1. Mind ranking 190-202, 296-308, 233-245, 36-48 by how tightly packed they are, going by the mean number of other C-beta atoms within 10 angstrom, highest first?
2. Please list, in chain and number order, the residues 5+ apart from Thr135 or on another chain whose amide H is under 5 Å from its amide H, with Hs placed from the backbone.
3. Report, by chain and number, residues whose modeled amide H sits under 5 Å from the one on Phe116, excluding near sequence neighbours (fewer than 5 apart, same chain).
4. Near the amide H of Ile297, under 5 Å away, which other amide H atoms are found, from residues 5 or more places off or on another chain, if H is placed in the peptide plane?
5. Through the Karplus equation 6.51 cos²θ - 1.76 cosθ + 1.60, θ set to phi - 60°, convert the phi angles of segment 91-103 into ³J(HN,Hα) values in whole Hz; use x for Gly and Pro.
6. How much net charge surrounds Ile297 when only other residues with a Cβ under 12 Å from its Cβ are counted (Lys, Arg +1; Asp, Glu -1)?
7. Please list, or write none, the lysines whose alpha carbon is within less than 25 Å of the alpha carbon of Lys40, excluding same-chain residues fewer than 8 places away.
8. Considering only protein heavy atoms, what is the solvent-accessible area of Val91 at a probe of 1.4 Å, reported in Å² to the nearest 10?
Amino acid sequence: MKLSTKCIHSGNHPDPSTGAIMPPIYQTSTYVQEAPGKHKGFEYSRTQNPTRKALEENLAAIENGRHGLCFASGMAATSTAIELLKSGDHVISGGDVYGGTYRVFTKVFTNYHIGFDFVDTTDVLNVKSRINEKTRMIWLESPTNPMLRLADIEEISKLAKSRGILVAVDNTFATPALQNPLDLGADIVVHSTTKYLGGHSDVVGGALIVNDDGLRAKLAFLQNSMGAVPGPMDCFLTLRGTKTLAVRMKQHCENALTIARWLSEHKKVKEVHYPGLESHPQHQLAKKQMRGFGGMISFSMDATLEDSVRAVSSTKIFSLAESLGGVESLIEHPASMTHASIPREERLKLGFEDGLIRLSVGIEDVDDLIEDLAQAMG
Ligand SMILES: *Cc1c(COP(=O)(O)O)cnc(C)c1O
């Protein structure tokens, strides 16, 4: 089955008791048993819930994976994946990962003596050179946030596989519509479903998708033990979102490419970061491992920090807000908003300037979006 069909049909089975075409919101904590231990596969809603199960099946199918596990947020999914590790283990992480990921790695998991090395994953050799006998996991984002850099998922997975190291890829930016890390050799796909999968900025959630049965068993154990599960209403909303993922992503990609090209020609723009531009240093890799270039753009203006901040505060259609991936366009200033938890020296090392602006390009009419940016940038 192809992607658009799976988005709509996988996990969505008519309700056997009524024929309802949509999976009901099973707003229940427990399930009546016929006799002790004799039940229909559901005992308690932290462990399993039918609405969550429908979403887990749907997400696994669209990621070309065998098993999906849903969480209360992307950070809950991320934390649960790290809980596979033990004190003393070592993780190699991409340098410009999501701010909350950097925070939980450096401020929470280091307390449990898990070691993290942050490297520029655009070069496989940087990853290779940091591998030591304690390395158990490589954590990648591709494209990264906010620099939109790529990691060669296939090459890094090959490197890891021969050493028994797990590769986790946060696929939130690309979405399963544009990139499938499991097909490229990764072991775990991580999602903040809050973003493109939900797609309407009305729900927070997260997911892990894997192929390996043993890994699924370990993660399901952690999911139930740690208990960071989503409620049925949130699962229902996310499931409603994924139905239109394929069509939404087409429009996000088309609008973003048009805006990235327009920004590249703008006289006040210094640099545009978008994997779909020929000028992007990894455009060839983007064409190889992605089916489209996504809706996220970052750029810097040839202007003072004050002027850049003024520009992000002056748009009328783009809303000034954190988050991304909804149908509506958002603009933000990462250094003072989403990435404020990353120290300035670390940011500068990544080539991430103080004035950098990030766009989450929505699916409005692109002419209106360009007109809005033009007036805000002056
Ligand atoms: C938002 C985001 C997260 C965290 O997800 P939440 O749902 O906000 O907890 C993780 N990774 C990336 C790339 C994100 O954009």
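1. On the way: 190-202: 24.7, 296-308: 18.7, 233-245: 22.6, 36-48: 12.0.
Taking the mean over residues of other Cβ atoms within 10 Å, the ranking is 190-202, 233-245, 296-308, 36-48.
2. His90
3. Amide H neighbours of Phe116: Val91.
4. It is Leu359, Val361, by chain and number.
5. 10, 9, 10, x, x, 9, 6, 3, x, x, 5, 4, 5
6. Values: positive: Arg261, Arg358; negative: Glu271, Glu332.
Net of charged neighbours comes to 0.
7. Cross-link targets: Lys53, Lys218.
8. 0 Å²
The values are calculated or read from the model by the stated rules, or taken from the named source; none is laboratory data. Just so it is clear, the structure is predicted and the values come from calculations on it, not from any experiment. Using ideal geometry, Cβ is built from the backbone for each residue, glycine included, and neighbour counts are taken over all protein chains shown. Side chains are part of the model used for accessible areas, which takes the heavy atoms of the whole protein and leaves out ligands, DNA and RNA. Shrake-Rupley method; radii C 1.70, N 1.55, O 1.52, S 1.80 Å.
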